[in-house]
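Scroll down for the structure; my scribbles are underneath it.
The values are calculated or read from the model by the stated rules, or taken from the named source; none is laboratory data. Computed from a predicted structure; not experimentally measured. Here the Cβ positions follow ideal geometry from the backbone for every residue, glycine too, while neighbour counts run over all protein chains shown.
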Amino acid sequence: MKPKKDLSSHYTQSTPNWCPGCGNYGIWVSLKNALQELKLPAHKVVLVGDIGCSGKLAYWTDYNGFGSLHGRSIPIAEGVKMANSDLTVIVVGGDGGLLGEGLQHFLHACRRNVNIAVILHNNQVYGLTTGQTSPTSDLGYKSSTTPEGAYETPLNPSLLALTAQATFVSAGFAGNTPHLTQIIKSAILHTGFALVDIYQPCVTYNYINTYEYYSKRVYDITTTPYKPDNRFRAMKKSMEIEGGQKFPIGILYQDKSRPSLQDNIQNRVSPLVKQSINNITVKSLFEQD
Amino acid sequence: MKLKNEFVIAIAGKAGQGILSMGELIQDICRDIGLYSFVWVDYPSLIKGGHNVVFIRISDTPIYAPVEQINYLITLDAESLEIHWDEIVKKGVLIYDKDIVKKEISQRPNKTQPFFGVGVPFNAISRGINKSTRYANTSAIATLHYVLGWELATYAKILEKKFKKKSQQIVDDNISAMKRGYEYAEENYDSIFTHQLNKGQAEPYYSIDGSQALAFGAIKAGVKFTAAYPMTPATPIFDHLASHADKYGIIAKQAEDEISAICMTVGASYAGARALTMSSGGGFSLMVEALGLAGITETPLVVVNAMRGGPSTGLPTKTEQSDLRFVLHASQGEFPRVVLAPGDSVELYQLIQEAFNLADLYQLPVIVLTDKYLATSQMIFPKDTDLDAIAVDRGILINSQKELGGDEKYARYLFTKDGVSPRALPGSNGITFHSGSDEHNEYGEICEDPHNRVKMMDKRMRKENSMLPSIPKPKIYGHTNADITLISWGSTKWAAIEAIELLANHNILANVMHFNYIYPFNISKTQPLLDKIKRSIIIENNATGQFAGLLKQYFNFEPEHSLLKYDGHPFYPDEIAKIILNQMF
């Protein structure tokens, strides 16, 4: 088996082709830095990408990548993790896929406390399909599908996750990569479902929620007396964004006490992919029925 | 039409009255005394009330299909008697509770009532034992014993075995109810045995339903992960896997919807576990996009679609074979797939194992079609079946960079002659790779190059051809040189086979050509068999002759007649034979 070495033509996307200045670059760099700092062997990491600009990130690192379906990255990641708990499984997706098409999976993964990290590239717009309104677009956001402006109030991802009892809820800013790197590291290290909601400017379609907009409004909660150990306070904190003036970044909430899905499962069965399946006997099943 | 030395017991009443347990109990008794049995059910989509029937066909020769007759009816409510009054055969027997059926029932058959009546106060007997009606069914089965001329010894033994775990009191109460139900009938009714079967004739067998057969086969094949969302009639497969999950190291995860179920399954399979999801047509409809994901990422995937009457909610608890065309074409774009349709308990057990092997060997989705009839019928599974006949074959797996040699970059989608690229699992030492739903090059990188596109499509589609050695031709049952051939696929197998026995009584030499490998066809092995057919009729549980259409498309073969049934019920052998006699001769 000797594959040709020179397959990459201009048709092949082996490096990012996001727009210059895209917030995805900041997230890409932060994620790679986080993984490197954690010294995880590349073959033991799987990035599951959603569909959209953000999801393509899964193709563009030296870690394993699985490009999935729009909205379905979370259940696929859950399947990977359940089959091989030795893998570090990370979802990369946008607000459209994770909160629109696949919102149900997002909520159920929270309550399931499955041990995956979800990197939410929240740019409040459908970029790849040319700028339509997303579930987190601000009220009044005008786009080709909402020429009169969006009527629906935006979803609040952190608040949603807290409502569904996620055990790690955090926020970051694509324009602050050193901070974001540390948040992503903490999310990966957390045992259980971890959300990193990232304020990500879309330089092509979203002229409101820009780098400048966020730079003026984000603040690191570790510079305040806030402690991420109370779910009710975390909900209140997460609601600060709803005024559009203050965007707390950092770990809003972490609960290390609740067992993860893997904790519950691995008490019963060893990692699935490590079990031999060659000589299974089933006669007793026939006998008992 | 003459039937075998056999009869059918029907137990009818409301859901929640314990009808299914009564059926199982009678089947256990049959097995112990050496008679063959086949049990099927008919019920509406509700939890309590409604009209439910379990049918137990009993014979001293092997039987594998339902028949449309009632020799003995045990009715647990008045309504059931009205529904089935006309179905009880002449000189059949009605067993009823005198206090519940107020209608005047005669002991002997007469003009308006062609069957015997045996009324026993089952509920009163039960109340006399422990002030509740919980033992009424026990008395009813005992009365059936008197009517059939069966001794109570086996029944007593089974009751003891069944209830010992609960308490001795419950065993004793059951035995009392049994004795009184028998004695009351004996004291008040003449013996009216209409059937004498040769007990002890049956070869040892297990009675399992189709859902069990599939679940056991999947466990044998090494299924380690399953995810599903509840939907009749697929759910029992998941329930069986879940109940044995601890023992066999399986994760059985109920998902938030069918989309999640199939996506989890794809994820688990990509990671390397043998994984299964299942649903009925409605849930399968939701799974369709992810089916294509398995197709383009070349992830092995096994999906069971337990069909029911459609479209939409349709007939939730009735049977149909109407999703064949749908599963064949489900999901956008073109990719190779396999469709299997087992015909009985042994085929269910074995073909689900083949499904896992084919999925692994050729890295594609395999869809196994069953239906409500197969899923819920308790079938004979001969004890001498070799349970280990099918070995696990996972295809070409690369476990580490070392196996690749040197610093060669691993190509997940390497162009190969047979279209199958050596597969690595995430976590393999030193190997990382990309997979995805986008069209890609050999390395799994997104690639829209037109030449690569054609090569990659051709590579995937080649697998349909390279798997042909693994695809057998249809099986012929009966004479190879018959005058008339009944073409059947999936669950209609045994109704067709029994029909040829009935036709033999009319000096008609018929055989059955049964397909359980539905797609892809092994055309070169199958065409000669079709060419040999003299006269033919195709039998399908759908309205449009979906399989007949495939025969026309792939073989330019048109059956002379087609027998289509879509009233929610399975085929009966005598119904098939009658139509052949009436329409073809």
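Identify the single condition in (1) over 30 Å from B:Tyr572 (Cβ atoms); (2) touching a Gly at 6+ places or on another chain (Cβ under 9 Å); (3) surrounded by 24 or more Cβ atoms within 10 Å (Cβ to Cβ) that B:Ala330 does not satisfy, given that it satisfies every other one.
(3)
Pull out all pairs, ordered by first then second residue, where Cβ-Cβ is under 7 Å, the residues are six or more apart or on different chains, the first lies in the stretch B:400-428 and is under 18 Å from A:Val46 (Cα atoms), and the second is basic (Lys, Arg) and crowded, with 17+ Cβ neighbours inside 10 Å.
Sorted first by the residue in the stretch B:400-428, then by its partner, the pairs are B:Ala424/B:Arg412; B:Gly427/A:Lys44.
Would you confirm whether or not the stretch A:100-118 contains a residue that is more than 15 Å from the chain's Cα centre (by Cα) and assigned to a helix (DSSP H, G or I)?
Within the stretch A:100-118, one or more residues are more than 15 Å from the chain's Cα centre (by Cα) and assigned to a helix (DSSP H, G or I).
In the set A:Val48, A:Val80, which member is at the interface with another protein chain (Cβ under 9 Å from one of its Cβ atoms) and over 17 Å from A:His121 (Cβ atoms)?
From the options A:Val48, A:Val80, the qualifying one is A:Val80.
Regarding the stretch B:33-46, can at least one residue be identified that is free of Cβ contacts under 8 Å to residues at least 60 places away in the same chain and under 20 Å from the mean Cα position of the chain (by Cα)?
no
In the list A:Thr223, A:Thr210, A:Thr204, which residue meets the criterion of being free of Cβ contacts under 8 Å to residues at least 24 places away in the same chain, surrounded by 15 or more Cβ atoms within 10 Å (Cβ to Cβ) and not acidic (Asp, Glu)?
A:Thr210
Looking at B:Gln254, B:Gln332 in this structure, which one is more than 11 Å from chain A (Cβ to nearest Cβ) and either among the small types (Gly, Ala, Ser) or on the phi < 0 side of the Ramachandran plot (or both)?
So the residue among B:Gln254, B:Gln332 that is more than 11 Å from chain A (Cβ to nearest Cβ) and either among the small types (Gly, Ala, Ser) or on the phi < 0 side of the Ramachandran plot (or both) is B:Gln332.
Failed condition for B:Gly50, given (1) surrounded by fewer than 18 Cβ atoms within 10 Å (Cβ to Cβ); (2) under 20 Å from B:Glu575 (Cβ atoms); (3) not acidic (Asp, Glu), with all others met?
(2)
Looking only at residues that are at pLDDT below 95 and in contact with a helix residue (DSSP H, G or I) (Cβ under 9 Å, 6 or more places away or on another chain) in the stretch B:366-399, which one is surrounded by the most Cβ atoms within 10 Å (Cβ to Cβ)?
Among them, the one singled out is B:Ile398.
Are there any pairs with C-beta distances below 6 angstrom linking a residue in the stretch A:1-29 that is within 14 Å of chain B (Cβ to nearest Cβ) to a residue that is modelled with pLDDT of 55 or more and not in a loop (DSSP other than H, G, I, E, B), with the two at least 6 apart or on different chains, and if so which?
So the pair list comes out as A:Tyr11/B:Cys447; A:Thr12/B:Cys447; A:Gln13/B:Ile446; A:Trp18/A:Asn24.
Quick one: which helices (runs of 4 or more DSSP H) lie wholly within the stretch B:242-315 and hold at least 3 residues that are free of Cβ contacts under 8 Å to residues at least 24 places away in the same chain?
Per the criteria, B:245-248.
Criterion first (touching a helix residue (DSSP H, G or I) at 6+ places or on another chain (Cβ under 8 Å), under 28 Å from B:Arg57 (Cβ atoms), of a type in the set (Lys, Arg) and at pLDDT below 95) does B:Lys179 satisfy it?
Criteria not met by B:Lys179.
If you take the residues in the stretch B:211-228 that are facing chain A (nearest Cβ under 8 Å) and under 13 Å from B:Ala268 (Cβ atoms), which one is surrounded by the fewest Cβ atoms within 10 Å (Cβ to Cβ)?
For the stretch B:211-228, the residue satisfying everything is B:Gly222.
Quick check: anything in the stretch B:328-346 among the aliphatic types (A, V, I, L, M), in a strand (DSSP E or B) and touching a Pro at 6+ places or on another chain (Cβ under 6 Å)?
Within the stretch B:328-346, not a single residue is among the aliphatic types (A, V, I, L, M), in a strand (DSSP E or B) and touching a Pro at 6+ places or on another chain (Cβ under 6 Å).
Is at least one residue of the stretch A:245-261 assigned to a helix (DSSP H, G or I) and either within 14 Å of chain B (Cβ to nearest Cβ) or on the phi > 0 side of the Ramachandran plot (or both)?
Yes, the stretch A:245-261 contains a residue that is assigned to a helix (DSSP H, G or I) and either within 14 Å of chain B (Cβ to nearest Cβ) or on the phi > 0 side of the Ramachandran plot (or both).
Take the residues in the stretch A:24-83 that are assigned to a helix (DSSP H, G or I) and charged (D, E, K, R), then tell me which one is surrounded by the fewest Cβ atoms within 10 Å (Cβ to Cβ).
Restricting to residues being assigned to a helix (DSSP H, G or I) and charged (D, E, K, R), the top hit is A:Glu37.
Just to check your reading of the model, which residue among B:Ser37, B:Ser106 is touching a strand residue (DSSP E or B) at 6+ places or on another chain (Cβ under 9 Å) and crowded, with 20+ Cβ neighbours inside 10 Å?
None of the other options fit; the residue is B:Ser37.
Being of a type in the set (D, E, K, R), more than 23 Å from B:Gly18 (Cα to Cα) and more than 14 Å from chain A (Cβ to nearest Cβ): is that true of B:Glu183 here?
no
Report the residue count in the stretch A:63-77 for those that are more than 7 Å from every other protein chain (Cβ to nearest Cβ) and on the phi < 0 side of the Ramachandran plot.
3
Output the residues belonging to the stretch B:550-582 that are in a loop (DSSP other than H, G, I, E, B), in contact (Cβ under 8 Å) with a residue 24 or more places away in the chain and over 24 Å from the mean Cα position of the chain (by Cα).
B:Phe557, B:Pro559, B:Glu560
Inspect the stretch B:158-165 for any residue being in a helix (DSSP H, G or I), in the same structural domain as B:Ser285 (by TED's automatic domain parsing) and at pLDDT 95 or above and give the result as yes or no.
no
Name the residue, out of A:Ile208, A:Ile265, A:Ile277, A:Ile221, that is of a type in the set (A, V, I, L, M), out of contact with any helix residue (DSSP H, G or I) (no Cβ under 8 Å at 6 or more places or on another chain) and over 23 Å from A:Leu99 (Cα atoms).
It is A:Ile277.
Anything in the stretch B:472-494 that is assigned to a strand (DSSP E or B) and in contact (Cβ under 8 Å) with a residue 40 or more places away in the chain? List them, or say none.
Within the stretch B:472-494, B:Lys475, B:Ile476, B:Ile484, B:Thr485, B:Leu486, B:Ile487, B:Ser488, B:Trp489 meet the criteria.
Out of the residues in the stretch B:376-424 that are facing chain A (nearest Cβ under 8 Å) and outside any loop (DSSP other than H, G, I, E, B), state the one that is farthest from B:Thr492 (Cα to Cα).
Among residues in the stretch B:376-424 that are facing chain A (nearest Cβ under 8 Å) and outside any loop (DSSP other than H, G, I, E, B), the one farthest from B:Thr492 (Cα to Cα) is B:Leu404.
Conditions first: (1) surrounded by fewer than 22 Cβ atoms within 10 Å (Cβ to Cβ); (2) at pLDDT 95 or above; (3) within 14 Å of another protein chain (Cβ to nearest Cβ); (4) out of contact with any Phe, Trp or Tyr (no Cβ under 6 Å at 6 or more places or on another chain). B:Ser437 passes all but one, so which condition is the exception?
Every condition holds for B:Ser437 apart from (1).
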